[in-house]
Amino acid sequence: MSEFKNKVALITGASGAIGKDIAFTLNKRGASVILCGTKKDVLEDIASDLSGKVEIITENIKNFEKFEKSLSEKKLNVDILVNNAGITKDNLLIRMKEEDIDSVIQINLLSLIKITKSVLKNMMKQKFGRIISISSVVGFTGNPGQVNYCASKSGITGFTKSLALEVASRGITVNAIAPGYINSAMTDKISVPQRDSIISNIPIGILSDDGTIYPSKLLERKIIPNPMPLYEASSIYINTQGFSWSLYTIYSKNIDRCREYVNARPYLGPVNTWIMNNI
């Protein structure tokens, strides 16, 4: 597939499980990619498996000025931005260090806003852009011991909806995906009691190992997930709570209605259509 031929996609947090899958998916569909992360060796391994033009930025997005300088030196116009970078610094608020509050908000939300602003000018000039931010279901539900993380992810929701309204007329769509829990380096840090509590609230009773959906498990347990909520702000906000997820792949009994929703709104753009056609 080559629907993103001649498009450049920038992915932050590209060395993580989700970021890596996003990079492979976009590259497979024709996009050149800019891999951003702090683990140079991991990014180089990922880059070696990709085709076409691949660039690497290892500056920490927390140091935005240095990151922006490295990006400008690539002399590439970003068409697709995937804000995926995120960290956790968990503790009860009463015990949480100020630096842990600051660092989570800085990386998960403030840097996301700054990076988006940095690439937005060119998107507006060319009247095309796709901005996708990876949020989290806990931005809606909350989670004990993660007030800083939940606040940062909840902030992405407001950011997404507001920016979508600002730039829709310029051919730019702004979306966010709120995954449930999956097995990753981040969730590996969760204590066993927390993990058991999380799994108890997932209808299929498992965390995905590789982002795969398990419809057979749903059928075995005779569980049908709740309809996927859609929020329109000249774009779609996708919430994947309650069951495993893969990149742009969500199991829902209302798939036909979801596709009708997008098809009836051509201004949502090809990226959104692609997302919905692959769920």
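Amide hydrogen proximity for residue 55: with H placed 1.01 Å from N in the peptide plane, the residues at 5 or more positions away or on another chain lying under 5 Å are 33, 34, 35.
Too long at a 20 Å Cα-Cα cut-off: which of 20/75; 5/28; 5/69; 20/114; 89/161; 39/161?
20/75; 5/69; 20/114; 89/161; 39/161
Under 5 Å between amide hydrogens, built in the peptide plane, is the criterion, and for residue 178 it picks out 135, 238, 239, 240 among residues at least 5 positions away or on other chains.
Quick note: the coordinates plus some simple rules give every number you see, no bench work behind them. Computed from a predicted structure; not experimentally measured.
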